[in-house]
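Heads up, the thing below is written out as structure tokens.
Laboratory data are not the source of any read-out in this text; all were calculated from the coordinates shown. Note that this is a predicted model, so its numbers are computed, not measured. Reconstructed Cβ throughout: ideal geometry from the backbone, glycine too, with neighbour counts over all protein chains shown.
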Amino acid sequence: MSKSEIKPKARDPVKTRAHILSSAFIEIYTKGYNGVGVRDLAKRADVTIGAFFHYFPSKRHVAYAIIDEIIYAGIMDRWIKPLSAYKNPLQGILKCFKTTFDTWPDDFLSSGCPLNNLTQELSNIDESIKVKAKAVLTEWIAKTKEHLNRAQAGGYLNKKVNTQELAEFIVTFQEGTFAMGKALNDRKIFASMYKNFKRHIDAVSTK
């Protein structure tokens, strides 16, 4: 076979799609959904417009995939999975909060919460975004509640505490701290938020 007959190595479709999606996530997260177009997303991923549309029929479908595949996984990896390593989940919840905001990159400080951003921009005009965002938040709260139930069973959390309500408060505080950082563009707020978050958790803790 001559050199002219050798076919170029094809891209791995799974890796290409993942690359486009991860690149689009950063572009949308830092500039806003309405602040970028398909050309911007394709350029960021270094693919042609045709290649982009091969994997995603529209920019809106990218937003769907970001929620389903990136934001959901990120929430579970950041806020939920680490708690399994703690005998006292309340300690894990505090540790995850402090670690997250102590190490949050300055470049992303004014970008806020990815889920909240997409919800605010699109939920009023796209029912699918609203449904997906609600599903993620519901799961986030439910998984948090599971660990709070474990803390209660282990004697670390006051038995009188309603774990559903506490889980809702925790998730609201986790998500809301990103929003405060975005609004004020000052990471000093993270220390203040942690102090108040810890005060509330300590108040319902028994140990």
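Once the dipole of the chain is set up with Lys and Arg at +1 and Asp and Glu at -1 on Cβ about the Cα centre, which of 29, 82, 206 lies farthest towards its positive end?
Positive-most Cα among the choices belongs to 206.
Would you mind ranking 122, 90 so that the residue whose beta carbon has the fewest other beta carbons within 10 Å leads the list?
Ordered from fewest to most neighbouring Cβ atoms within 10 Å, 122, 90 come out as 122, 90.
With contacts defined as alpha carbon pairs under 8 Å and 6 or more residues apart, what's the relative contact order of the stretch 93-195 in percent?
Once normalised by length, the contact order is 40 percent.
How about residue 159: which lysines have a C-alpha closer than 18 Å to its C-alpha, ignoring those fewer than 8 places off in the same chain?
Straight-line reach from residue 159, under 18 Å: 87, 145, 207.
Give a residue-ordered list of calculated ³J(HN,Hα) values for the stretch 77-86 (Karplus: 6.51 cos²θ - 1.76 cosθ + 1.60, θ = phi - 60°; whole Hz; x for Gly, Pro).
5, 8, 10, 10, 4, x, 5, 5, 7, 9
So who's got an amide H within less than 5 Å of the one on residue 157, skipping anything under 5 residues away but keeping other chains? H placed 1.01 Å off N, in plane.
Residues meeting the amide H criterion: 152, 206.
Suppose the chain between residue 110 and residue 18 were pulled fully straight at 0.36 nm per residue; how much longer would it get relative to their current alpha carbon spacing?
30.6 nm
Could you tell me which label, among [x] 51, 39, 30; [y] 75, 39, 32; [z] 58, 41, 37, carries the value of Cα extents along the principal axes in Å calculated for this structure?
Comparing each candidate, only [y] matches the computed number.
Expressed as an acute angle from 0 to 90° and rounded to the nearest 10, what is the orientation of the C-alpha long axis of helix 127-153 relative to the principal long axis of the chain?
Approximately 40 degrees, to the nearest 10.
Applying 1/(1 + (r/R0)^6) with R0 = 25 Å to the Cβ-Cβ distance of residue 207 and residue 138, what FRET efficiency is obtained, to the nearest 0.05?
0.25
Charges at C-beta only: +1 for Lys and Arg, -1 for Asp and Glu. How large is the resulting dipole of the stretch 156-207 about its Cα centre, in Debye rounded to 20?
The calculated dipole for the stretch 156-207 is roughly 260 debye.
Going down the table (15/43; 132/188; 130/182), which pairs top 26 Å between alpha carbons?
Check vs 26 Å cut-off fails for 132/188.
Taking other Cβ within 10 Å of each residue's Cβ, how do 14, 171 sort, fewest first?
14, 171
Would you kindly state how much longer the chain becomes between residue 168 and residue 30 on full extension, computed as 0.36 nm times their sequence separation minus their alpha carbon distance, in nm to one decimal?
Result: 47.0 nm gained on full extension.
Counting each DSSP H run of 4 or more residues in the chain as -39500 (n - 2.57), what helix-only mean residue ellipticity at 222 nm follows after dividing by all residues, to the nearest 500 deg cm²/dmol?
Here the helix-only value at 222 nm equals -20500 deg cm²/dmol.
With only Lys, Arg, Asp and Glu charged, each at its Cβ (+1 for the first two, -1 for the last two), find how big the charge dipole of the stretch 60-204 is about the Cα centre; round to the nearest 20 debye.
680 debye
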